[in-house]
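Read the figures in this text as sums done on the coordinates, not as results from a lab. Model, not experiment: these values are computed from the prediction. Cβ: placed from backbone, ideal geometry, glycine included. Neighbour counts: every protein chain shown.
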Amino acid sequence: MKSLLNKISAWHIFTLLIILIFSFDNAQGFISIKFLLTAIWGILPFLLFAVMFMAYASATSLDNIIATSLKSKGKYSIIIAAIIGGLSPFCSCGVIPLIAALLRMGVPLSAVMAFWLASPITDPAVFALTYSVIGLDFAIARTIAALAIGIFGGFTVYILNKNGLFSNPLKPEIASKDDHNLLDNKAITWKFWNDAERRKKFISEMQTTLLFLGKWMSLAFLLESLMIAYIPNELIIKYVGGEGILPIATATIVGIPAYLNGFAALPLIKTMIDQGMSQAAALGFILGGAVSSMPAAIAVFALVKKPVFAAYIGLALIGAFTSALAFQFWINI
């Protein structure tokens, strides 16, 4: 039974879901396919950039310098990574290939986690749109929370890593197959295309990463389309309205299946606030969903080992809930 389960791939699950959708709800089948293609098209520029960066860094040996640089910064690399994450325009899914690249380069998981947690929550464009749709206080709170969650997550992983946890975080099929020590060879060959072996490595890296991300992103966005179709907004608002700690906790958790993306979620958030949801609960919703939404969770699960996946989800939810509580305290002062 276990061997059979191991042979089931994302493509098998994706194909089965497509068959079931068209069998029971033909109209939704076409809607889901359209949603999937639109979502993939939306993140494609960031996806291609990250994949090409990963392949280029590997082919040129640039990964050696990046890994060495961030390792030499020690604990300061966590703060640096969180700030860069807050400025980068990657969503929770689009950041996945870049995370894989950083981990394969030998960048410490603590720094990668800081970047990983902060990046999907905000960036300059998201800040501007949040300000225009909801308000300046909310936009500032979202930005501060992104940095705080990133730094909190990074330092937590740093402490746990010191105690022997999270060694070799990537799954074997994602981790580098090269046996050389990244820090041994610091020579960079910028024009890698002049070397046949490096060209081969670049192409192989591109193909492997795109295939891996293609199947998991397709499954993730297909599931997201079904959640949007069958979980009405009225049901969400029913459970996250009102004041106090419980609505904040509920909103943080509900954000996981209900969140769309940094831009599409804002009209929903504005509607929920207008219908009685507190701004603190709204912040918990948008923070929890931004980092640990269902598509992002599936992509992370496919990328890293289970303990790292559990830490990622746990740190995201704790950080989102705590940030929302702090925002509520600030509002009440």
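What full-extension length gain, to one decimal in nm, is calculated for ASP137 and ALA27 as 0.36 nm per residue of separation minus the Cα-Cα distance?
35.5 nm
For MET277, which sequence-distant residues (separation of 5 or more, or a different chain) have an amide H within less than 5 Å of its own amide H, given hydrogens modelled in the peptide plane?
Counting only residues 5 or more places away or on other chains, the set is GLY242.
In what order do PHE53, PHE221 fall by count of nearby beta-carbon atoms within 10 Å, going from fewest to most?
Numbers: PHE53 15, PHE221 23.
Fewest-to-most ranking of PHE53, PHE221: PHE53, PHE221.
ASN194 versus PHE329, label points 7 Å from Cα toward the beta carbon: distance in nm?
Placing both labels 7 Å along Cα→Cβ, they lie 5.9 nm apart.
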